[in-house]
Each structure stands twice: as C-alpha cells, then as structure tokens.
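Beneath this line is the structure, given in structure tokens, with notes to follow.
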Amino acid sequence: MTIGNIIDKILTPYEKGIASDDTRASPRFVYSKMLDARNVLINQQQNKTQKVSQWVYQTLPCVELIKAPTHECPCLPAVGCTIYKTKYKLPETLVNLDRHLIQSVTSIDGTRDFSETSWEEKQYKSGNRYTANKPDYYIRSGYLYVTQKTGSTLISITGLWTDPLEAYAYPSHCDECEDGPCYDCDSVLDKEFLLDAHKIDTLVDMVNKDMAFFRQGVEDRSSNTADSPEEQSK
C-alpha cells in the first residue's frame with residue numbers, strides 16, 4: 001500500500017469523511033507517526049524471532065565507496081587490504097538488541113559477502129592472521145566502512161531502514177545521468193510504505209490512538225488554513 005493510501009485511511013475518519021485541507025494533522029505529521037508505529041511493529045517481530053517479509057527490506061543497489069582517511073581507521077589494515085567508507089552517510093537503520101538490522105552487504109555482483117563487525121572488534125582482528133584478510137564491515141558515525149583487498153569500490157546493502165523515504169532517496173552511483181545525478185520526480189505519496197500487508201490495519205489503529213488528542217469533534221467548514229473551533233458540527 002502506498003504512503004498516500006495509508007495517510008488517507010488515517011485522516012478520513014478524523015475528518016468525518018473526506019480529509020480537510022485545513023487539518024492540523026498534516027500528512028507530514030501523520031507520516032512521522034506511521035514511522036513510529038512501523039518501527040515498533042518490526043521490532044516486535046524481531047524480538048519474537050518472527051520472519052519479516054522480504055518485501056519490507058530495501059536494497060541500496062550501487063553504493064559508492066571512497067578510501068577512508070587513516071585517522072578514521074581503528075587499526076592498520078592487513079597487508080594488501082584497504083579500509084573504505086561509504087561516500088555518503090547511510091539512512092538510519094533499525095536496531096534490534098545489539099545489532100543493526102542489515103541483512104547483507106555484498107559486492108554489487110553478489111560474489112563477495114562482508115560480515116558485520118564493530119570498531120572495537122576491528123582493533124583486535126587486525127592482529128589475527130585467520131581473520132585479518134576476511135572482508136567485513138562496521139558502522140560508525142553514520143558511515144559504513146569495509147575492509148577488502150583492492151577491488152570494486154561499489155557495494156550493495158540490504159536492510160531495514162528507519163525511514164523508507166530516506167532509503168528511496170539514497171544516492172546510487174549506477175543512476176548517474178549524463179548531466180549528473182538522476183532525480184526521482186515521483187510523489188512521495190505514491191511510494192510503497194514497506195510493511196507486511198497484514199500489519200497495515202494494526203499500524204492504522206496504533207496511529208489513530210496516538211493521535212487521539214486531535215479528535216475534538218470539530219467539522220471544518222471554511223477554507224482558512226486553520227481548524228475553526230467556532231464552527232462546530234451538529
């Protein structure tokens with residue numbers, strides 16, 4: 001279901017029919033509440049070890065890497081290896097317990113997998129001859145860092161992101177147009193809201209309860225950019 005469809009499902013009962021153009025519950029505000037509810041529902045699934053549909057995951061298909069400055073590296077990389085970082089900060093990932101909800105980090109052709117580590121663990125791995133050359137990644141200050149032997153500086157990242165719109169908008173090196181980056185002209189309201197279909201009604205109920213303080217029984221009969229308490233419904 002699209003973002004616009006779900007916002008309409010939430011706002012229409014509040015407006016006692018067709019949504020008003022004067023409502024204080026703006027689509028932007030409703031969307032923020034949708035994100036809160038979505039993230040709670042996904043974390044509940046994770047805590048119960050229930051499978052999250054593959055349709056909910058988003059892939060950043062062509063993420064560009066640049067060489068990381070030495071002062072950003074936790075250690076000197078193994079001989080023949082280099083530490084790279086994403087050129088742009090990642091969208092914020094959902095987190096469950098002590099791990100980021102990233103399903104995979106791979107080379108763009110899928111032939112190389114990177115395993116998750118951390119800044120702290122990386123300091124010790126460099127001295128272990130069995131793991132020093134193993135491709136891995138860690139996230140620090142919003143960037144994803146990978147260690148690999150010289151090779152492609154493009155990777156693919158699949159995960160559960162806090163805001164699907166940020167993932168939709170993440171720069172893809174493979175989408176470069178002749179005159180620079182390509183821009184998505186589609187309305188954000190037409191984007192799919194990524195959540196298991198059977199949980200949409202639960203999400204709508206959660207948002208409606210969270211927005212209960214908006215429900216004042218007021219019918220907006222004028223187009224004056226504000227809900228008018230003087231114009232009560234009968």
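The values are calculated or read from the model by the stated rules, or taken from the named source; none is laboratory data. Treat the numbers as computed from the prediction; the structure is a model and nothing was measured. Heads up, the Cβs are rebuilt from the backbone with ideal geometry, glycines too, and the neighbour counts pull from every protein chain shown.
Please pick out the residue among A226, A197 that is of a type in the set (G, A, S), modelled with pLDDT under 95 and under 22 Å from V40 (Cβ atoms).
Details: A226 fails: under 22 Å from V40 (Cβ atoms).
Of the residues listed, the single one that is of a type in the set (G, A, S), modelled with pLDDT under 95 and under 22 Å from V40 (Cβ atoms) is A197.
For region 2-17, check the following and say yes or no: at least one residue is aromatic (F, W, Y) and at pLDDT below 90. Outline the logic, then answer.
Our first condition is that a residue be aromatic (F, W, Y); within region 2-17, this holds for 14.
Still in the list and also at pLDDT below 90: 14.
Yes, because at least one residue in region 2-17 is aromatic (F, W, Y) and at pLDDT below 90.
Could you tell me which residue of region 43-62 is nearest to the chain's Cα centre (by Cα), considering only residues that are under 29 Å from P171 (Cβ atoms) and in a loop (DSSP other than H, G, I, E, B)? Can you show your working first?
So the first thing to find is which residues in region 43-62 are under 29 Å from P171 (Cβ atoms), and the list is 43, 46, 52-62.
If we keep only those that are in a loop (DSSP other than H, G, I, E, B) as well, we get 52-53, 57.
Details: V52: 15, S53: 15, Y57: 9 Å.
Going through the qualifying residues, I end up with Y57.
Out of D109, D36, D98, which single residue is modelled with pLDDT of 90 or more, surrounded by fewer than 16 Cβ atoms within 10 Å (Cβ to Cβ) and acidic (D, E)? Full working, then the answer.
Numbers: D109 fails: modelled with pLDDT of 90 or more; D98 fails: modelled with pLDDT of 90 or more.
None of the others qualify; the one that does is D36.
Output the residue which, of all residues in region 147-174 that are of a type in the set (V, I, T) and modelled with pLDDT of 90 or more, is surrounded by the fewest Cβ atoms within 10 Å (Cβ to Cβ).
Looking only at region 147-174, we keep the residues that are of a type in the set (V, I, T), and these are 147, 150, 153, 155, 157-158, 162.
Going one step further and asking which of them are modelled with pLDDT of 90 or more, we end up with 155, 157-158, 162.
Working: I155: 26, I157: 25, T158: 15, T162: 17.
So, considering only residues that are of a type in the set (V, I, T) and modelled with pLDDT of 90 or more, the one surrounded by the fewest Cβ atoms within 10 Å (Cβ to Cβ) is T158.
Within the set of pairs 6 or more residues apart or between chains, which connect a residue that is farther than 19 Å from D109 by Cβ and modelled with pLDDT under 90 inside region 48-65 to a residue that is surrounded by fewer than 16 Cβ atoms within 10 Å (Cβ to Cβ) and not β-branched (V, I, T) with Cβ atoms less than 9 Å apart?
Close Cβ pairs (under 9 Å, with a partner that is surrounded by fewer than 16 Cβ atoms within 10 Å (Cβ to Cβ) and not β-branched (V, I, T)) amount to Q50/Q44.
Collect the residues in region 22-42 that are hydrophobic (A, V, I, L, M, F, W, C) and part of a helix (DSSP H, G or I), keeping them in residue-number order. Steps first, answer last, please.
Within region 22-42, the subset hydrophobic (A, V, I, L, M, F, W, C) is 25, 29-30, 34-35, 37, 40-42.
Matches in region 22-42: F29, V30, M34, L35, A37, V40, L41, I42.
Scanning for something modelled with pLDDT of 75 or more, within 16 Å of T59 (Cβ to Cβ), polar (S, T, N, Q) and under 26 Å from the mean Cα position of the chain (by Cα), does region 117-130 turn up at least one residue?
The first filter runs over region 117-130 and keeps only residues modelled with pLDDT of 75 or more, leaving 117-121.
Now restrict to residues that are within 16 Å of T59 (Cβ to Cβ): none.
No.
Any residue in region 68-86 that's surrounded by 18 or more Cβ atoms within 10 Å (Cβ to Cβ): show its pairings with residues that are modelled with pLDDT of 65 or more and in a loop (DSSP other than H, G, I, E, B) at Cβ separation under 7 Å, as long as the two are six or more apart or on different chains.
Cβ pairs passing all conditions: I83/A68; I83/C73; Y84/A68; Y84/T153; K85/A68.
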